[in-house]
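> Quick one: structure below, then a few questions.
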Amino acid sequence: LLIYWNFGIKKISLINFFLICSVALLIIQIILTSFIVPKSQNLARSIIRTSDYNFVDNFIKVKKFNASVNDLTIYTEDKDAKGNYYNIYIKKNTGVENFQIIYAEKGVFKNDEYPVLELYNGENTSVIKGKITNFSFSKSEFSLSSFSANTILVKKTQEHETIELFDCVKNLTSKGIKDLEKIKLKVRNCELKNLDNIISELYKRLIVPLYIPSLMLVSLLLIIHSKERIDYSKYRLSIFLIGFFIIILSESTLRFVNKSFENNFIIILIPIILMIILYGYFLMKFKINKNS
């Protein structure tokens, strides 16, 4: 920095350069949070939504009760390198008070036409309306094709595209909600009780990144004073605390976002006002120094 000053580069020019960089970073952040991240989250979850159980074998962990599939619990004591399971315990819920318990000495996962556990040397116990039936088997197949995973099958709010959330808010806040049923096809949780959450999601995507230029300007306060000052350590600590406060402010204001337009407008203005105040402080400081 001393080399810059000695070559006649003005401090305000350096601040303008980093301010432009922060605005570029702000744009990149908004693109990421508004478009790329929701699409990638939805894509990742859609793979689970539409997948079959070709990967059920990975759900079965040794010496753990695995309940990754609805109405089904699987436990196995050991597994060898060939993929054979030993001492398998399976519990399948078939109703409110009905269930099936299967024990087998050995089992192997196969997925030819449909996913099955091929079981050897075991017992099958079924309880139906209080009646118990039991039989032994030397070989049996337990189908996994009729079960669904314990995962959310409906798109979550953060997985929807930004334009869809804007359409939802527009329809929910308008007087005549004529197209609400059409919007619901895109945003399943487009309801008045979920409006605050949708607005909060839009705030995280579009408004929180606006604090980036303010944080950049706060860090640039370090170039105002020389390191030779006696109180420079305290000054640097105070700048750190200011930056830390702005980060907390950007996250805490999320709690105050709601369907009130006036309230949200004030919250949106906070990062813009902070940026104007900080940049105005630089202009005033350098103008005073120049006059001095």
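> LEU2 to PHE244: FRET efficiency via 1/(1 + (r/R0)^6), r the Cβ-Cβ distance, R0 30 Å, to the nearest 0.05? Don't skip to the answer; put the middle values down first.
Values: r = 28 Å, r/R0 = 0.93.
Result of the calculation: an efficiency of 0.60.
> Right, another one. On a straight-distance basis, which aspartates and glutamates could pair with LYS106 in a cross-link, Cα separation under 20 angstrom, same-chain partners fewer than 8 positions away excluded?
Here the aspartates and glutamates satisfying the reach criterion relative to LYS106 are ASP57, GLU77, ASP78, ASP80, GLU118, GLU123, GLU141.
> Go through LYS39/LYS61; LYS11/LYS287; LYS61/LYS139; LYS39/LYS204; LYS63/LYS91; LYS91/LYS155 and tell me which ones have a Cα-Cα distance over 19 Å in this structure. The partial results should precede the final answer.
Numbers: LYS39/LYS61 31 Å; LYS11/LYS287 11 Å; LYS61/LYS139 22 Å; LYS39/LYS204 16 Å; LYS63/LYS91 15 Å; LYS91/LYS155 30 Å.
In this structure, LYS39/LYS61; LYS61/LYS139; LYS91/LYS155 lie more than 19 Å apart at Cα.
> Determine the order of HIS225, HIS160 by accessible area, beginning with the largest, at a probe radius of 1.4 Å. Before the final figure, lay out the partial values.
Details: HIS225 40, HIS160 0 Å².
Highest to lowest solvent-accessible surface, that is HIS225, HIS160.
> Quick check: residue separation of PHE166 and ASN197 times 0.36 nm, minus the Cα distance between them. What number comes out in nm?
Values: separation 31, 0.36 × 31 = 11.16 nm, distance 1.24 nm.
So the chain would gain 9.9 nm between PHE166 and ASN197.
> While we're on this one: Can you work out the FRET efficiency for the pair ASN93 and CYS21, with r the C-beta to C-beta distance and R0 = 51 Å, to the nearest 0.05?
Values: r = 58 Å, r/R0 = 1.13.
Approximately 0.30, to the nearest 0.05.
> Oh, and also: Quick query: amide H of ILE128 versus all other amide H atoms, modeled in the peptide plane; which residues come in under 5 Å with a sequence gap of 5 or more or a different chain?
The list, which skips near neighbours in sequence, is THR133.
> Just to be sure I understand the model, the point goes 7 Å from the Cα along the line to the Cβ. What's the resulting SER174 to LYS64 distance in nm?
Computed distance between label sites SER174 and LYS64 equals 4.8 nm.
> Expressed in nm to one decimal, what extension gain is obtained for the pair ILE128 and LYS156 from 0.36 nm per residue of sequence separation less their Cα-Cα distance?
6.3 nm
The values are calculated or read from the model by the stated rules, or taken from the named source; none is laboratory data. Source: prediction; values computed, not measured. Ideal geometry is used to build each Cβ from the backbone, glycine not excepted, and the neighbour counts take in all protein chains shown. Accessible surface areas use protein heavy atoms only, side chains included; no ligands, DNA or RNA. Shrake-Rupley method; radii C 1.70, N 1.55, O 1.52, S 1.80 Å.
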